[in-house]
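Data first, discussion second: the structure below is written as structure tokens.
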């Protein structure tokens, strides 16, 4: 049996993978100017097929390459159809303004994915995977960073329109003066010279050049020839290959040159590739050894990596992508798309992998996302990285941070402002005998120590004087609390439960959140509800109990009627049949009304009785009643344990909506902080209603400090609710006298962050330290240490509203009451029966005695004496019967 099962599994597995090919054919379309990219493409395929580090190598990559002498529509169509007829699964290649529309049309019509390192297009085209990241955001960030208000924009016609549109939109908003010139159609370098001379007459000294590397080199050659590379000129080169541009002559004149780089030379993937790349034979791989690696060649390598990763994913998902039969005619009308093309396109867009150009992933339109671009400037020692740009942080200038670190951070004690708030910062018990940072303990004290270790700084803790977190005065526009300490230069870092908000982010910088939280509701813990005397009835609703009573009576009546009508319920016992065979007595029936009630009650109590129905109809009644009682008793028993062993606390409110729609319980927040600001700025109807109440309530519902608010909750006897951060709520719930509790969910979602002044050199190091502490799990350990390990009210889950405990007498008191009541009733009924029986027996004996003592006089007429005797006997017999 085991061998059969194993054979079946093997056959199933082999069958499920039989649809995936062992050879994946990919096409390649290369221009005359992409010699190195062609070599990089073939070398990347070779690396995949021969790389011994690949643990899963389920298929072999093959390539079919077409070299285009021209980029006209005819050549592109012929090459694409050639590749399609060979049955390729995907095509890698380049396009320009002449061939782009042709290629994208074929790809969309035939469902063939085209992976390209060419300039990204803004059009939402299907089946085109764009390896080159967009530069629009980085360009706008650099223009803002350098505060350019007047400059020249030189762009290729192929790629500059979308960026030009974005620049013009920013120019209108920022009052820029932009002179734009298209240089995409220029073939004579002297045309660049005339443009530069024209701009020089306008006293233009700032240029944004958005072109390919070859065109940028031609423009810079004319810049050097005209002497426009002297000090005072600034050129931003909007190209991802800053290291591929010839800058030596331009830099010698003293001009400032800024550019972008997608290849990070410190990337291990880049270093390993270059080590092998430099050992290649140039006869087999032209431009491999003595020519600097182009960024488009790196994108080509990553494109092969993306294709391989996509097909690995398809194989793991057991998607059948095999081509069966001929590929068809790509020029057919109407076009016949490849059915598996959608699966391959979807797999390509789902790829997320690290390559030579950093993180590689795509959005739903096949464009690169979540990428980082390095920003370089020409310095005395050559190109030097000054920062980086990504979609989330925008431009980050690391040069300013390095200078600031060297001048202001080293050999200086950093002032860390914080607030006295348990469990974040507290005095130690023996703090009177300690000095400096040793006087304090708490979550933020430990966090500051960990950050200092990672950043490598000396620090001292400083408690904020006014005891506030930080809010802006609406009249004076000044900041108080810890935010004010940072804004006005009295502190370098704020390590405290300081909420990250928009208004604070405008004046200070925050790290990534070290703790996530939300606004929650604190109330005084209600008394546990005492179980009722008849709590054993709670597992079933009162409506069900009433239905059971009616069902019991109804079944008993039906059983009585059925037994009366059915002839099989009337029977004689053997003793009755043997007494007088000549005159048999009337057959009795066991199921009178009282016996029917007794039978139904015994069945319901799962006990039974001495009598059972004899007729089929009676047994049907008994059977359905037994089934009914089985289900009811089982359901009751299943719920009984939960109802009797769970203690419940009835909370007067469960959510913010409950607070807003009632008037008996007052509620408020901290007088200065993000919680109050949240309600003040909220546009949600419930929170607006709550804010309207809080700001007009008398007396004021705002607490100066968190302990004041907690004390008010404890003293209010359930008539005040305090709105505060969930972390503080959870902490106080774990502190004696254990009389507060959190109700409902969080009203919002936010986080605590480490704050630094705007532009501080410590921002990035502190941010990295927080991220590292989070990845190492130290932040979670700190929270467990100060919230639950040092808690005074039991474990984390001990404060739940429903708590399982042992049964007490109050839980089952009603059962005892029924038992005692039943016993008393039984004794009372027994007494009544005894009295009734005694009275009846006394009456019988008295009549019998009177009958014996009574002797009537004989009648005067003797002939009636016989009649007298007969009557006397009858009378006496009847008297005895009585």
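We did not get these values from a lab; they are worked out from the coordinates using the rules stated. Because the structure is a prediction, the values reported are computed rather than measured. We place every Cβ from the backbone using ideal geometry, glycine too, and count neighbours over all the protein chains shown.
Each of the peptides 773-784, 343-354, 103-114 was scored by the mean count of other Cβ atoms within 10 Å over its residues; in descending order, highest first, they stand as 103-114, 343-354, 773-784.
Which peptide among 240-248, 127-135, 713-721, 691-699 comes first, and what is the full order, when sorted by highest mean count of other Cβ atoms within 10 Å?
Working: 240-248: 19.9, 127-135: 23.6, 713-721: 16.6, 691-699: 12.7.
With the highest mean Cβ count within 10 Å placed first, the list reads 127-135, 240-248, 713-721, 691-699.
Once every Cα of region 47-189 carries one equal point scatterer and solvent is ignored, give the base-10 log of I(q)/I(0) from the Debye formula at q = 0.09, 0.10, 0.16 Å⁻¹, two decimals. Result of the Debye calculation: -0.43, -0.51, -0.95. In terms of packing, defined here as the mean over residues of other Cβ atoms within 10 angstrom, the peptides 730-737, 92-99 line up highest first as 92-99, 730-737. Report the residues of region 67-104 in range of a label on residue 123: point 7 Å along Cα→C-beta, backbone N strictly under 14 Å from it. Residues passing the 14 Å test: 73, 95-104.
Compute for region 116-168: radius of gyration divided by Kirkwood radius, i.e. Rg/Rh, restricted to C-alpha atoms, rounded to two decimals.
1.02
Take the Cβ atoms of residue 490 and residue 359, set R0 to 60 Å, and the FRET efficiency comes out at 0.90.
You can think of it this way: the chain between residue 435 and residue 614 has 54.9 nm of extra reach, that is 0.36 nm per residue less the Cα-Cα gap. With Cα atoms as the point set, region 741-780 shows a radius of gyration and Dmax of 14.4, 42 Å. Taking 11 Å as the cut-off, no amide N atom of region 595-618 comes nearer than this to a point 7 Å along the Cα-to-beta-carbon line of residue 639. Taking 0.36 nm per residue of sequence separation and removing the Cα-Cα distance, the residue 549/residue 271 pair yields an extension gain of 91.6 nm. Its residues counted as N, region 413-539 yields a C-alpha radius of gyration over 2.2 N^0.38 Å of 1.49.
Efficiency by 1/(1 + (r/R0)^6): what FRET value for residue 197 and residue 331, r their Cβ-Cβ distance, R0 = 60 Å, to the nearest 0.05? It comes to 0.75. The label-point distance for residue 847 and residue 823, in a model that sets each label 7 Å from Cα toward Cβ, rounds to 3.9 nm. With 0.36 nm allotted per residue and the present C-alpha distance subtracted, the residue 662-residue 541 stretch has 40.7 nm of extension available.
Our summary gives region 695-796 a relative contact order of 27 percent, counting only alpha carbon pairs under 8 angstrom and 6 or more residues apart. The modelled label-to-label distance for the pair residue 458/residue 33, using points 7 Å beyond Cα in the direction of Cβ, is 5.9 nm.
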